[in-house]
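Single-structure report; data block below.
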Amino acid sequence: MRRLSRARKAPRDLVLRARMVDLSWSGQRVPAIADELRCSAKTVRRWLHRFNRVGLDGLEDLGGQGRKRRITEAERSRIIGLVKQSPPGRLTVQADGELAAADDSGPPEWTLDALAAEARRLGIEIGRSQVRRILLAEGVRRRRTRSWTRSKDADFEGKGRGSSSSTPARPMARRWSAPTSSDR
């Protein structure tokens with residue numbers, strides 16, 4: 001216990017709690033320990049009682065604090081997997097050259113609303129904002145499809161180069177002063 005109370009490479013909270021026990025063993029009273037460690041007497045009593053009940057493990061933080069996740073890791077993975085799939089309403093070129101979608105009523109691209117609706121259809125209760133947070137946390141990028149940028153038509157010509165970036169912007173006219181009533 002004394003070695004832990006003087007440790008430099010242990011978690012700070014654990015060292016502080018071990019120091020409380022060490023000072024208590026050396027005969028100091030709770031108010032004196034609280035003054036020396038700059039914490040409340042209630043905190044010192046709580047950790048001393050917990051150490052007496054549980055032992056050295058009682059000085060560790062209890063796990064499971066805070067709000068529990070509403071969806072499991074498996075459900076998060078299913079939502080991320082949806083983004084990697086082609087949306088059911090996306091048009092694809094069939095063998096006969098016609099455009100058709102797997103499901104005409106489905107979304108043609110994955111939006112946050114479409115992902116949330118599909119997840120709910122799969123039995124995962126989730127909202128749009130939570131889908132967004134999951135995708136941001138995982139670094140998944142949703143790109144909107146731009147069907148107008150590519151054509152399979154052999155005679156199609158692109159628009160050409162964009163405008164020059166060296167074209168200066170129109171300068172703002174500077175107003176020197178506010179109009180006054182003496183201008184009349």
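The values are calculated or read from the model by the stated rules, or taken from the named source; none is laboratory data. On a predicted model such as this, the values are computed, not experimentally measured, just so you know. Glycine gets a Cβ as well: all are built from the backbone with ideal geometry, and neighbour counts include every protein chain shown. Heavy atoms of the whole protein, side chains included, go into the accessibility calculation; ligands, DNA and RNA do not. Shrake-Rupley method; radii C 1.70, N 1.55, O 1.52, S 1.80 Å.
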Please work out which one of (1) touching a Lys or Arg at 6+ places or on another chain (Cβ under 6 Å); (2) more than 30 Å from GLU125 (Cα to Cα) is the condition ILE33 fails and give its number.
-> (1)
Selection from region 104-135 of residues that are part of a loop (DSSP other than H, G, I, E, B), more than 15 Å from GLY81 (Cα to Cα) and among the acidic types (Asp, Glu) | ASP104, GLU125
Pick out the one residue from GLY127, GLY64 that is over 30 Å from ARG12 (Cα atoms) and small (Gly, Ala, Ser).
-> GLY127
Would you call GLN85 farther than 25 Å from TRP110 by Cα, of a type outside the set (Asp, Glu), within 27 Å of the chain's Cα centre (by Cα) and open to solvent by 70 Å² or more (accessible area, probe 1.4 Å)?
-> no
For ASP153: the one exception among (1) within 23 Å of LYS84 (Cα to Cα); (2) open to solvent by less than 100 Å² (accessible area, probe 1.4 Å); (3) of a type outside the set (Val, Ile, Thr); (4) at pLDDT 65 or above = (1)
